[in-house]
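Colleague: Okay, here's the structure, questions in a sec.
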Amino acid sequence: MRTRLPYRSVVFLLFGSLLLTTAWGTSGEAAGPLLVVLNKSAHTAMLIQPDTKEVLATLPTGRGPHEAAVSPDGRWAYVANYGTREEPGHTLTVLDLVGRKVHRTIDLTPFRRPHGLAVLPDGRVAVTCEEDQALVVVDPKAGRVDFSVQTDQRVSHMVVVTPDGHRAFVANIGDGSVTVIDLKKRTKLATVPVDAGTEGIDLAPDGRFVYAANRAADTIAVLDAQSFQVIRKAPTCRFPIRIKVLPDGRHLLVSCAQANQVALHDAATLEQLRTLDVGSTPIGIVVEPSGRRAFVAFSGDDRVGVVDLQEWGVVDTIPTGDEPDGMALSRRP
């Protein structure tokens with residue numbers, strides 16, 4: 001004779017099961033951030049659970065992976081395979097973050113040396129291609145290039161895209177400029193001279209301002225995203241290579257590769273508020289949505305540093321492969 005559970009017990013069991021599934025995921029693992037770390041000289045991508053430092057997978061990429069970006073749903077990571085000094089790269093690697101495997105490789109030929117990446121709201125990927133002075137938009141589902149726009153600037157390196165996906169801003173190291181591109185009309189709107197060696201770039205959360213790090217000038221700058229004018233510039237630590245706007249929109253975090261420091265700046269005035277000595281050759285930066293922690297790639301130490309932004313200190317490091325650089329952060333889908 002079967003015993004029937006009371007209705008409330010059944011509801012409780014189902015609700016409890018749902019909570020466990022949400023908290024642990026279908027594989028029984030704790031939900032939490034997933035850090036994608038690219039090892040330039042090892043030609044690999046590591047999927048790391050930063051809270052435990054557990055390496056969930058080490059996956060092959062193309063030669064010289066430099067930058068990564070994650071799809072809006074957190075399922076896919078896109079890797080730009082820059083290539084080596086002798087041989088320019090021309091592919092993107094698509095990683096399945098759920099299956100922890102390489103999903104596919106997308107050939108960008110004839111475009112070469114893909115570098116900076118930004119994912120559009122519709123899932124397409126904008127990628128700079130340095131060798132061809134171009135921004136290329138890729139349809140990852142179709143596995144092909146959708147369209148391209150010429151920057152006509154040397155070493156088009158990093159890119160950010162407005163939240164609506166209508167406009168892109170490209171940092172050009174060789175010409176010390178930012179190129180503004182209308183992604184809907186597929187045309188270049190402006191080239192804005194900034195300062196020597198414009199490389200790092202980021203966008204304010206409200207989309208009103210663009211921030212740039214100028215590695216050869218040891219400065220950072222802020223541009224008006226509508227008028228395309230440089231509002232102000234300010235000094236920072238030596239060889240600023242990446243810049244990130246913190247989630248509060250009020251502060252900027254800058255990695256300075258030759259100074260072995262990160263710097264905190266006021267986003268409104270660009271005043272340098274403090275610096276922090278870190279590991280060797282800090283490059284890539286990703287910031288948690290909470291704004292509590294940042295992960296910084298110490299490329300010369302083969303480690304990622306965990307920076308507590310409230311306590312202002314390196315509170316931990318995570319071992320990586322050879323020469324970590326580009327990173328991306330995802331909540332597990």
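Colleague: Calculate the spin-label point distance for Ala234 paired with Glu311, positioning each point 7 Å from the Cα along the beta-carbon direction, and give it in nanometres.
Modeller: Rounded to a tenth, the inter-label distance reads 2.7 nm.
Colleague: Another question, if that's okay. Projected onto the charge dipole of the chain (+1 at Lys/Arg Cβ, -1 at Asp/Glu Cβ, origin at the Cα centre), which of Leu253, Ala217, Leu35 gives the Cα projection farthest towards the positive end?
Modeller: Leu35
Colleague: Can you sort Phe209, Phe111, Phe228 by how many other beta carbons sit within 10 Å, fewest first?
Modeller: Phe228, Phe209, Phe111
Colleague: Starting from the 7 Å offset along Cα-to-Cβ, what nm value, one decimal, do you get for the label separation of Thr58 and Thr269?
Modeller: 4.7
Colleague: Report the Cα centroid-to-centroid distance between segment 150-170 and segment 62-126 in angstrom, as an integer.
Modeller: Between the Cα centre of segment 150-170 and that of segment 62-126, the gap is 16 Å.
Colleague: Also: Starting from the Cα gyration tensor of the chain, take the square roots of the eigenvalues, sort them a ≥ b ≥ c, and report rounded, prolate or oblate (rounded when a/c is under 1.5, otherwise prolate if a/b is larger than b/c, else oblate).
Modeller: prolate
Colleague: If you take the square roots of the eigenvalues of the alpha-carbon gyration tensor of segment 267-333 and sort them as a ≥ b ≥ c, do you get rounded (a/c under 1.5), prolate (a/b over b/c) or oblate?
Modeller: Because a/c hits 1.5 or more and a/b fails to exceed b/c, segment 267-333 counts as oblate.
Colleague: Given an 8 Å cut-off on Cα distances and at least 6 residues of separation, report the relative contact order of the chain as a percent.
Modeller: After rounding, I find 12 percent.
Colleague: Let me ask you something else. Rounded to the nearest 20 Debye, what is the dipole magnitude of segment 138-270 about its Cα centre when Lys and Arg each give +1 and Asp and Glu each give -1 at the C-beta?
Modeller: Dipole size: approximately 180 debye.
Colleague: If packing is taken as the average number of other Cβ atoms within 10 Å across a peptide's residues, how do 164-176, 90-102, 264-276 rank, most packed first?
Modeller: Per-residue mean Cβ counts within 10 Å order the peptides as 164-176, 90-102, 264-276.
Colleague: Once you keep just the Cα pairs under 8 angstrom separated by 6 or more residues, what percentage relative contact order results for segment 231-282?
Modeller: Relative contact order of segment 231-282: 30 percent.
Colleague: Related question: Amide H neighbours of Leu108 under 5 Å, at least 5 residues apart or on other chains, H built in the peptide plane: list them.
Modeller: Counting only residues 5 or more places away or on other chains, the set is Thr91, Leu92.
Colleague: What percent do you get for the relative contact order of segment 142-272 when only Cα pairs under 8 Å and 6+ apart count?
Modeller: Dividing the mean separation by the residue count of segment 142-272 yields 15 percent.
Colleague: Looking only at Cβ-Cβ distances, which cysteines of the chain have no other cysteine closer than 4.7 Å?
Modeller: Cys129
Colleague: Could you give the angle, 0 to 90 degrees to the nearest 10, between helix 7-24's Cα long axis and the longest principal axis of the Cα atoms of the chain?
Modeller: Once rounded, one gets 30 degrees.
Colleague: Follow-up question, since we're still on this one. As I understand it, the dipole of the chain uses +1 on the Cβ of Lys and Arg and -1 on the Cβ of Asp and Glu, about the Cα centre. Which of Thr187, His66, Ala267 lies farthest toward its positive end?
Modeller: Thr187
Colleague: How much length is gained on full extension from Arg186 to Asp146, taking 0.36 nm per residue of separation minus their Cα-Cα distance?
Modeller: Fully extending the segment from Arg186 to Asp146 adds 13.3 nm.
Computed from the coordinates by the stated procedures, all read-outs in this text should not be read as laboratory data. Values in this document were obtained by computation on a predicted structure and should not be read as measured data. Glycine gets a Cβ as well: all are built from the backbone with ideal geometry, and neighbour counts include every protein chain shown.
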